[in-house]
Amino acid sequence: LTIFLHIPKVIQRLFTKLQHLRQTKHLRQGLEAYYKGDWVDALKGFSHLPHATTPWMVDLMAAQAAQYQGQLKTRDQFLHLAATQEPKARTTILLFQAHLQFDQQQFEQAQATLNHIAQFEPKCPPEWYTLQCKLFLEFKEYSKGLNLLESHRELNKQPLIYVHLYKKM
């Protein structure tokens, strides 16, 4: 009688282990494809993972893979998933989003994302300033870019941006 009572528990454990093995397999396949630059297979591997158990960094990788396939709506969904899973990494996720938007030449959206970061972050990271200067180059607002670089000491290590801004003036 006790053996028959334990059978459902054993079946449940086996099912959970099998499910975990499948998730690990999909994650491994997605990561391998991501690092090879095979965006279709990477997105397939990442899409088969349950979103509740996926680390937020994997969602960022999936967002990048979706962008390289031209699936901007899917990219935004993965970015939203990452932001809801890890609210403490909000600035990092938004910076990643701004970089993806910049790479896609969505300059207005990237500027809006940077403005959102600046609104809620008391001290912006150096990557924020670098991307903002690149946007100033794209918007042909060279004096604003130079003023931004000169006013922040941590950005004095960006000689290429300086050269581009001075050439454009």
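The values are calculated or read from the model by the stated rules, or taken from the named source; none is laboratory data. The shown structure was predicted, so the numbers you read here are calculated from the model rather than taken from an experiment. Virtual Cβ from ideal backbone geometry, glycine too; neighbours counted across all protein chains shown. These area figures cover heavy atoms from the full protein model, side chains too; ligands, DNA and RNA do not enter into them. Shrake-Rupley method; radii C 1.70, N 1.55, O 1.52, S 1.80 Å.
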For E32 and N115, extending 7 Å from Cα along the Cα-Cβ vector and measuring point to point gives, in nm, a value of 4.6
Share of accessible surface on carbon and sulfur in the chain, whole %, 1.4 Å probe and ligands ignored, is 58
For the chain, Rg(Cα) over 2.2 N^0.38 Å is 1.41
Listed residues L114, L146, L43; largest mean-square fluctuation, Gaussian network over the chain with Cα springs below 10 Å, found at L146
When the chain is treated as a Gaussian network with springs between alpha carbons less than 10 Å apart, the largest mean-square fluctuation among Q19, Q69, Q106 is found at Q19
Expressed in nanometres to one decimal, the distance between label points 7 Å along Cα→Cβ at H152 and R13 is 5.4
When the charge dipole of the stretch 2-102 is computed with +1 on Lys and Arg Cβ and -1 on Asp and Glu Cβ about the Cα centre, the Cα farthest towards its positive end, among V58, F96, V10, belongs to V10
Listed residues Y68, Y129, Y35; largest mean-square fluctuation, Gaussian network over the chain with Cα springs below 10 Å, found at Y35
For the chain, the longest principal axis of the Cα atoms and the Cα long axis of helix 126-138 enclose an angle in degrees, to the nearest 10, of 60
In deg cm²/dmol, rounded to the nearest 500, the helical mean residue ellipticity at 222 nm of the chain, built from -39500 (n - 2.57) for every DSSP H run of length 4 or more, is -25500 deg cm²/dmol
To the nearest 10 degrees, the tilt of helix 90-103 (Cα long axis) against the first principal axis of the alpha carbons of the chain is 70
With every protein chain kept in place and a 1.4 Å probe, the residues F78, F102 fall, from largest accessible area down, as F102, F78
Computed over the chain: longest principal axis from alpha-carbon atoms vs helix 2-36 long axis, angle to nearest 10 degrees, is 30
